[in-house]
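This is the structure I want to talk about, given as structure tokens.
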């Protein structure tokens, strides 16, 4: 389904929420290991998908296991949240956007990939009801 069909289904079928999960590989290590870049990303993404942020982004680096160590992000939005984890050692980003208002999942995924300089991207959507 394309973005227009997804958003139309969301509205017409009375879905409660829409979620997109985005996995990005080959990210620019300077971007995914920067608290400042990740913080600004949350602000820019919320603006890009026309969502009103609720508070500032929370960005914390942690992880004892080298495989998963990196920054995690939570940005509340008035219609739910944006979250993500950025894995330092593999240069991967895992981003979820969940909202009870429609937004374009493919364009959102492409925005995220471009923002972090990724070279591979997969995304999936789920209608929440």
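Coordinate-derived values only; no laboratory data. Predicted model, so just to flag it, every value in this text is computed and none were measured. Cβ atoms come from the backbone with ideal geometry, glycine included; neighbour counts cover every protein chain shown.
In nm², what is the average projected area of the convex hull enclosing the Cα atoms of the chain?
Numbers: hull surface 29.4 nm².
Average projection, Cα convex hull of the chain: 7.4 nm².
Which one of 112, 100, 27 has the biggest mean-square fluctuation once the chain is modelled by GNM with Cα springs under 10 Å?
Its mean-square fluctuation being the largest, the pick is 100.
Which residue, 56, 23, 88, has the most motion in a Gaussian network model of the chain that connects Cα atoms within less than 10 Å?
56
For 116, 94, what's the fewest-to-most ordering of other Cβ within 10 Å of each Cβ?
On the way: 116 25, 94 16.
Lowest to highest Cβ neighbour count: 94, 116.
Under a point spin-label approximation (7 Å from Cα along Cα-to-Cβ), what is the residue 16-residue 35 distance to one decimal in nm?
Between residue 16 and residue 35, the simple spin-label model gives 3.6 nm.
Going by how many other beta carbons lie within 10 Å of each one, how would you line up 76, 18, fewest first? Please list the in-between numbers first.
Numbers: 76 19, 18 24.
Least crowded to most crowded, the residues run 76, 18.
Further question on the same structure: Sort 6, 24, 58 by Cβ crowding within 10 Å, fewest neighbours at the top.
Values: 6 20, 24 26, 58 13.
The most exposed by this proxy come first: 58, 6, 24.
Find how much the distance from residue 120 to residue 56 grows on full extension, using 0.36 nm per residue of separation minus their present alpha carbon separation; answer in nm with one decimal.
Details: separation 64, 0.36 × 64 = 23.04 nm, distance 2.88 nm.
Gain in length upon complete extension: 20.2 nm.
Is it possible to state the helix-based mean residue ellipticity at 222 nm for the chain, with each DSSP H run of 4+ residues giving -39500 (n - 2.57), the sum divided by total residues, to the nearest 500 deg cm²/dmol? What is it?
-9000 deg cm²/dmol
In nm, to one decimal, how far is the residue 69 label point from the residue 110 one, both placed 7 Å along Cα→Cβ?
So the two model labels end up 3.7 nm from each other.
Another question about this same structure. Testing the spin-label approximation: label points 7 Å from Cα along Cα→Cβ at residue 44 and residue 90. State their distance in nm.
Going by the 7 Å Cα→Cβ label model, 2.4 nm.
Quick one: among 37, 59, 74, which has the greatest mean-square fluctuation in a GNM of the chain with alpha-carbon springs under 10 angstrom?
37
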